[in-house]
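Data block below; observations after.
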Amino acid sequence: MRLPYAVDDARAAVEAVGQDINRPDAARWRAMTADDERLQQTYRALGMLIKQVEVSFLKRRAELRAFEGNRMEYRQAASEYEEWKSRTVHFANRARERRAELEHRVRLLTRNRAIDEVRTTLRTLAQAVADHRDAIRSSGREETTADRLLWVRLDILPHGTLADLVSGRPAPERGHQ
């Protein structure tokens, strides 16, 4: 199923997700969660819906407390509020359930992205250290004790040598010490 809104259209996503909570459609839900971008969009839309419901509760409760009118009018307003509250609590619970269904997949995506960012940062750092080492050695300058200690430390990392980090090669298997 093709969704009628773009991946960057948050407002349309919130509206579509809200409609799907009210009138579930398995094909539409699969499309909303099929790939990484749609999954994250739907997860964010559910979060926004839940926040909107919370704001609505605060607003409606405040309106009921501030209600001015006779006792019979107040009872009518309180009755309407309770009916609205019942429907809205059901909606919010469904939204929370749907969001909980997606949480594990979204967490995996986020964690994988964070791991990739750390790996890229570590490779950049390793490349800078390797460039520094090569520059010192090629210029004939004297290596300092700090330089040598850093290079040795990087070469005995449990996950490979400095060259492995720079190249992105997997670390060779090492025996247990």
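Worth a mention:
- FRET efficiency estimate (nearest 0.05) - Cβ-Cβ, M1 to E54, R0 35 angstrom: 0.70
- Average Cα contact separation per residue, the chain, under 8 Å, 6 or more apart, as relative contact order %: 17
- Gaussian network model of the chain, springs between alpha carbon atoms under 10 Å - residue of M48, M32, M72 with greatest fluctuation: M72
- Nearest-ten-degree value, helix 71-139 long axis tilted from longest Cα axis of the chain: 10
- Fully extended contour minus Cα-Cα distance, from R105 to A62, at 0.36 nm per residue: 11.7 nm
- Calculated on alpha-carbon atoms, Rg and Dmax of region 18-98 in Å: 16.6, 55
- The chain: angle of helix 10-22 to the longest principal axis, Cα-based, in degrees nearest 10: 60
- Per-residue Karplus couplings for region 145-151, computed as 6.51 cos²θ - 1.76 cosθ + 1.60 with θ equal to phi - 60°, are listed in order as 4, 4, 4, 4, 5, 5, 5 Hz, Gly and Pro entered as x.
- Computed about the Cα centre, the dipole magnitude for region 57-116 is approximately 300 debye when only Lys and Arg (+1) and Asp and Glu (-1) carry charge, each at its Cβ.
- Pairwise Cα separations in the chain fall into 5 Å bins from 0 onward with the following percentages, short to long: 1, 7, 11, 11, 9, 8, 7, 7, 7, 7, 6, 5, 4, 3, 2, 2, 1, 0, 0.
- C-alpha long axis of helix 36-65 to longest principal axis of the chain, angle in °: 40
- Compared with the direct C-alpha span, the chain from R11 to R75 gains 19.5 nm at full extension, assuming 0.36 nm per residue.
- Ranked by how many other beta carbons lie within 10 Å on average, peptides 75-87, 121-133 from highest: 121-133, 75-87
Only the coordinates and a few stated rules stand behind these numbers; no lab work does. Keep in mind the model is a prediction, meaning the values are calculated, not measured. Positions of Cβ are backbone-derived with ideal geometry, glycine not excepted, and every protein chain shown enters the neighbour counts.
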